[in-house]
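For reference, the structure is listed below as structure tokens.
The values are calculated or read from the model by the stated rules, or taken from the named source; none is laboratory data. This one's a predicted model, so the numbers in the text were calculated from it and none came from an experiment. Neighbour counts are summed over all protein chains in view; Cβ atoms, including those assigned to glycine, are modelled from backbone coordinates with ideal geometry. The protein model used for the area step is the full one, side chains on, heavy atoms only, and it has no ligands, DNA or RNA in it. Shrake-Rupley method; radii C 1.70, N 1.55, O 1.52, S 1.80 Å.
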Amino acid sequence: MAAPLELSCWGGGWGLPSVHSESLVVMAYAKFSGAPLKVNVIDNTWRGSRGDVPILTTEDNIVSQPAKILNFLRKQKYNADYELSAKQGADTLAYIALLEEKLLPAVLHTFWVESDNYFTVTKPWFASQIPFPLSLILPGRMSRGALNRILLTRGQPPLYHLREVEAQIYRDAKECLNLLSNRLGTSQFFFGNTPSTLDAYVFGFLAPLYKVRFPKIQLQEHLKQLSNLCRFCDDILSSYFRISLGGISPAGQDMVDANLQKLTQLVNKESNLIEKMDDNLRQSPQLPPRKLPTLKLTPAEEENNSFQRLSP
């Protein structure tokens, strides 16, 4: 009997099995290859590490990062690429590198750096999945990590300022989407009628960008103009995750949006309260320690104490 495979990943919303791109990549590949994953969704009762999500756990191994998890699954004979030619395998590697270089920085910026999106959507959602008080700390740490990752890969001369970097990464992302749309054409998947590793990566990167409702939708608007990429995401959701094209009903989505708005207000109030308490503690005057008064004894009392100390 094969060892059980357990995947720990961020949960879903907006009609998606997960709102986290890297978690979606692994989940989609497992569906394509037939890997029997048991999915453990991170919620506010989770006590494990979230730094390397998704995490694949077996009896003898703990594997993190999508590329390493997919390689591990292939070694377990769960291979979604066994019908690909050598050229198609090389094309897969080239397109994945293109996604990580050109599209991923814009996805990270949309979720974690763009302030309106972060404070109204990303931070409240992830905070709701994390136990207090980490819910006040971890989203900010993830946001800074995303910004550092963007600047590390794209903040090079002549792009010294963040606005210049932002403009460039969105231009690159739109060009990448156009290339993907042209490559897909009218096909169901990128290499014919069978999904592969490349389809898992493209789906994982595009589906959150396509489905999550953001106030700032610069890249989302461009994606929705490419109907074949949207159809590609919808087909995978309906065929492999049994989610309808609309995800959830309009009434249900309105309820989700209302709950998210309430959660946003609650998280912001908690953050403001913590900040005020911290400011008050820092600004409060620090009083010097009080000295205890020394009692002076009368001559008679001093003589009495001396007598008591000498007596057996």
When you go through (1) among the charged types (D, E, K, R); (2) more than 25 Å from I150 (Cβ to Cβ); (3) in a loop (DSSP other than H, G, I, E, B); (4) under 24 Å from the mean Cα position of the chain (by Cα) one by one for D52, which number turns out not to apply?
-> (2)
Could you tell me whether segment 58-81 includes any residue that is open to solvent by 50 Å² or more (accessible area, probe 1.4 Å) and part of a strand (DSSP E or B)?
-> yes
Test for T194: is it in a loop (DSSP other than H, G, I, E, B), hydroxyl-bearing (S, T, Y) and surrounded by 14 or more Cβ atoms within 10 Å (Cβ to Cβ) | yes
Confirm whether L209 is of a type outside the set (S, T, Y), in contact with a His (Cβ under 9 Å, 6 or more places away or on another chain) and open to solvent by less than 20 Å² (accessible area, probe 1.4 Å).
-> no
Unique match (being in a helix (DSSP H, G or I) and open to solvent by 30 Å² or more (accessible area, probe 1.4 Å)) among A127, A167 | A167
Determine whether V121 is β-branched (V, I, T), crowded, with 19+ Cβ neighbours inside 10 Å, modelled with pLDDT of 90 or more and part of a helix (DSSP H, G or I).
-> yes
Of the residues in segment 82-100 that are of a type in the set (D, E) and touching a residue at least 24 places away in the same chain (Cβ under 8 Å), the one that is least open to solvent (accessible area, probe 1.4 Å) is D91
Return the pairs, sorted by first residue and then second, in which the second residue is among the charged types (D, E, K, R) and not in a loop (DSSP other than H, G, I, E, B), the first residue lies in segment 55-69 and is within 20 Å of E100 (Cα to Cα), the beta carbons are less than 7 Å apart, and the residues are 6+ apart or on different chains.
-> P66/E22
Across segment 130-147, the tally of residues that are within 21 Å of K216 (Cβ to Cβ) and either in a loop (DSSP other than H, G, I, E, B) or not basic (K, R) (or both) stands at 7
Of all residues in segment 179-190 being open to solvent by 60 Å² or more (accessible area, probe 1.4 Å) and in a helix (DSSP H, G or I), the one that is nearest to F205 (Cα to Cα) = L179
Take the residues in segment 136-149 that are open to solvent by 10 Å² or more (accessible area, probe 1.4 Å) and over 19 Å from H161 (Cα atoms), then tell me which one is nearest to the chain's Cα centre (by Cα).
-> M142
Conditions: (1) of a type outside the set (S, T, Y); (2) part of a helix (DSSP H, G or I); (3) surrounded by fewer than 21 Cβ atoms within 10 Å (Cβ to Cβ). L103 meets all but one. Number of the miss?
-> (3)
